[in-house]
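> This is the structure, below, for whatever I ask next.
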Amino acid sequence: MIQILIGGDVCPMGSVERFFIEGDALAIFHDLLDEISNADLSVVNIECPLVSKKTPINKAGGAVLGASVGCIRGFAAAKWSLMNLANNHSFDQGANGLSETIQAIRQEGMGVVGAGSDIHEANTPFVCQIDGQRVVIYSMAEREFSIASERSAGANPLDLINFTEVIRLFKKDGVFVVLLHGGIDFPYPSPEMVRRCRFMVNMGADAVICSHPHRPLPWEIYRGRPIVYGMGNLVFEELRNPLRNPPPGWHDGYLVKLSIAEGIVDFLPIPYFQCRPVLGAVRMDDVSKQQFITDMLKRSKKLEDSAFLDLEWISRCEECHSQYISYLFGYNKWVRKMIQLLRYTPYSDEDVLRSLLLSQCETHIEVLNTIFRKVRNRCSN
């Protein structure tokens, strides 16, 4: 039997950074260490470049992260074997920062997946042999400001055409696990995320494991294969205003343990608290674990009801209405507040229709992305 352990987002910044630099794995992962070290393959998402000098990029929609390159000692001491870099922060310190992160990982004898010096390297899966069984880990991230191209370093983008080609070339008779970084902080996956993940299983993936939402999301067993829609943070302090309460679910999460034998893939969640009440990640007590599993199973059952998911998603999007409209049309925070409080609409129906045309048509999206990337590159130079 092969055992693969997968962990969610780790950002070694804030108070926990010194434990990573000191290589104090026990102070970081506590009673989860045995699970990490005993797995045949342990995979974790580094949600933060590890650098000796910060060179932050220009971006929108989130913080620019970066921690000391010495933090790699904490991951190595915990005996993580594969570091996933397909996420929206891996390029936060530019090409040099990504290159230094990859070099530090490899110097400690660990593998890298999901990012590279160009799209070809980033799109290459991690392949190994475990007890004579071929294991393939393929990682992708939604497109933000971290994505690789033909001529630039970065993370591997979520591209179902690339995925289909890679699984055709690498699956063969082996185990093929997909890691996907995407989604938003919401108790359920979006209908489109469910559709994508199920498609990957239909194409031959043995498991699809998602990260990025900073809260745990439910899972499902689809055609005998596990799909996990969000593990939550593994080690990630709330780095914004310390006086403000963190978002719901920030301190909860679960490791994904896959046991594979004779073509059967069993899934076991291992729930924990992170950065509460102590720094790092600690297993939930029995009562909290039972409550957590019960809640997740209830939510998992809801995934079978597509109408429910559609309504929940529409409701969530309504909550984001003023924020997204303001970003799209370039409104400042005062206009955004007017839209929220007064139901004020400074845009016309024609404005919305034009925007919908540009945002829903594949060719128009491609044109917009090309134009905006060119402007961004010019501003960065």
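The values are calculated or read from the model by the stated rules, or taken from the named source; none is laboratory data. Note that the coordinates shown come from a computational prediction; the quantities given were computed from them, not determined experimentally. Note: ideal-geometry Cβ built from the backbone for every residue, glycine included; neighbour counts use all protein chains shown.
> Within the stretch 315-336, track down each residue that is among the charged types (D, E, K, R), surrounded by 12 or more Cβ atoms within 10 Å (Cβ to Cβ) and either more than 27 Å from residue 187 (Cα to Cα) or modelled with pLDDT under 80 (or both).
Within the stretch 315-336, the first condition is being among the charged types (D, E, K, R), and the residues that meet it are 316, 318-319, 333, 336.
Filter once more, so that each one left must be surrounded by 12 or more Cβ atoms within 10 Å (Cβ to Cβ): 316, 336.
Passing the criteria: only 336.
> Inspect all residues belonging to the stretch 15-23 and state whether any of them is outside any helix (DSSP H, G or I), in the same structural domain as residue 110 (by TED's automatic domain parsing) and at pLDDT 95 or above. So that I can check it myself, show each step before the final result.
The initial filter retains those residues of the stretch 15-23 that are outside any helix (DSSP H, G or I), namely 23.
From the residues that got through so far, the ones that are in the same structural domain as residue 110 (by TED's automatic domain parsing) too are 23.
Restricting the remaining residues to those that are at pLDDT 95 or above gives 23.
Checked the stretch 15-23: at least one residue is outside any helix (DSSP H, G or I), in the same structural domain as residue 110 (by TED's automatic domain parsing) and at pLDDT 95 or above.
> If residue 300 satisfies all but one of (1) touching a helix residue (DSSP H, G or I) at 6+ places or on another chain (Cβ under 8 Å); (2) in a helix (DSSP H, G or I), what's the number of the condition it fails?
The single condition residue 300 does not satisfy is (1).
> For the stretch 68-82, how many residues are in contact with a strand residue (DSSP E or B) (Cβ under 6 Å, 6 or more places away or on another chain) and of a type in the set (A, V, I, L, M)?
Of the residues in the stretch 68-82, the ones in contact with a strand residue (DSSP E or B) (Cβ under 6 Å, 6 or more places away or on another chain) are 69, 71-72, 80-82.
Adding the requirement that they be of a type in the set (A, V, I, L, M) leaves 69, 72, 82.
Number satisfying all stated conditions: 3.
> Which residues, taken from the stretch 112-143, are within 20 Å of residue 208 (Cβ to Cβ) and either not hydrophobic (A, V, I, L, M, F, W, C) or not assigned by TED's automatic domain parsing to the domain that holds residue 209 (or both)?
114, 123, 124, 125, 133, 134, 138, 139, 142, 143
> Does residue 44 satisfy being farther than 16 Å from residue 235 by Cβ and in the same structural domain as residue 26 (by TED's automatic domain parsing)? Walk me through it before giving the result.
Working: farther than 16 Å from residue 235 by Cβ: no; in the same structural domain as residue 26 (by TED's automatic domain parsing): yes.
No.
> Being more than 25 Å from the chain's Cα centre (by Cα) and not basic (Lys, Arg) is the filter here; which residues of the stretch 326-338 pass it?
As a first pass, look at the stretch 326-338 and keep what is more than 25 Å from the chain's Cα centre (by Cα): 326, 329-338.
Across the stretch 326-338, the qualifying residues are 326, 329, 330, 331, 332, 334, 335, 338.
> Next up: Do we have residue 117 as among the hydroxyl-bearing types (Ser, Thr, Tyr) and in contact (Cβ under 8 Å) with a residue 40 or more places away in the chain here?
Working: among the hydroxyl-bearing types (Ser, Thr, Tyr): yes; in contact (Cβ under 8 Å) with a residue 40 or more places away in the chain: no.
Considered against the rule, which asks whether it is among the hydroxyl-bearing types (Ser, Thr, Tyr) and in contact (Cβ under 8 Å) with a residue 40 or more places away in the chain, residue 117 comes out as no.
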